[in-house]
Amino acid sequence: METKMLDAHIPLPLAERLDALALDLALPRDEIVIEAIAAWLDSEERRRIVALRTLAAANTIVVVEHDRVIDWADSL
């Protein structure tokens, strides 16, 4: 698989946590970062799909004019 080098400035406390986890798991930092990015992207894509479906559902809602609701309520 082809790869692309990305540079990122990470706050020192986060970088220290990453280093500690990589050491504990005996994994290269790259693997942890790749897994974290993939998980974040999957989550954001799911959120986006939910948001788009919600908007689509909202666009199909039938709106009833206020006066008609009042007339209906008065008829009860």
*Would you pick out the residues in region 1-21 that are outside any helix (DSSP H, G or I) and open to solvent by 100 Å² or more (accessible area, probe 1.4 Å)?*
MET1, GLU2, THR3, LYS4, MET5, LEU6, ASP7, HIS9
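Could you grab me the full set of residues in region 22-34 that are open to solvent by less than 80 Å² (accessible area, probe 1.4 Å) and within 24 Å of the chain's Cα centre (by Cα)?
From region 22-34, those open to solvent by less than 80 Å² (accessible area, probe 1.4 Å) are 22, 27-28, 32-33; that's our starting set.
Hits for region 22-34 are ILE32, VAL33.
Select, from ILE10, ILE37, ILE70, ILE61, the only residue that is without any contact (Cβ under 8 Å) to a residue 12 or more places away in the chain and under 19 Å from the mean Cα position of the chain (by Cα). Working first, answer last.
Values: ILE10 fails: under 19 Å from the mean Cα position of the chain (by Cα); ILE70 fails: under 19 Å from the mean Cα position of the chain (by Cα); ILE61 fails: under 19 Å from the mean Cα position of the chain (by Cα).
Being without any contact (Cβ under 8 Å) to a residue 12 or more places away in the chain and under 19 Å from the mean Cα position of the chain (by Cα) holds for just one of ILE10, ILE37, ILE70, ILE61, which is ILE37.
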*asked:* Among the residues in region 35-55, are any open to solvent by 80 Å² or more (accessible area, probe 1.4 Å), of a type in the set (Ser, Thr, Tyr), at pLDDT below 95 and not in a helix (DSSP H, G or I)?
replied: no
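The values are calculated or read from the model by the stated rules, or taken from the named source; none is laboratory data. From a predicted model like this one, the values you see are computed outputs, not experimental measurements. No Cβ is skipped: glycine too gets one built from the backbone with ideal geometry, and neighbour counts run over all protein chains shown. What goes into the accessible areas is simple: the full protein's heavy atoms, side chains included, and nothing from ligands, DNA or RNA. Shrake-Rupley method; radii C 1.70, N 1.55, O 1.52, S 1.80 Å.
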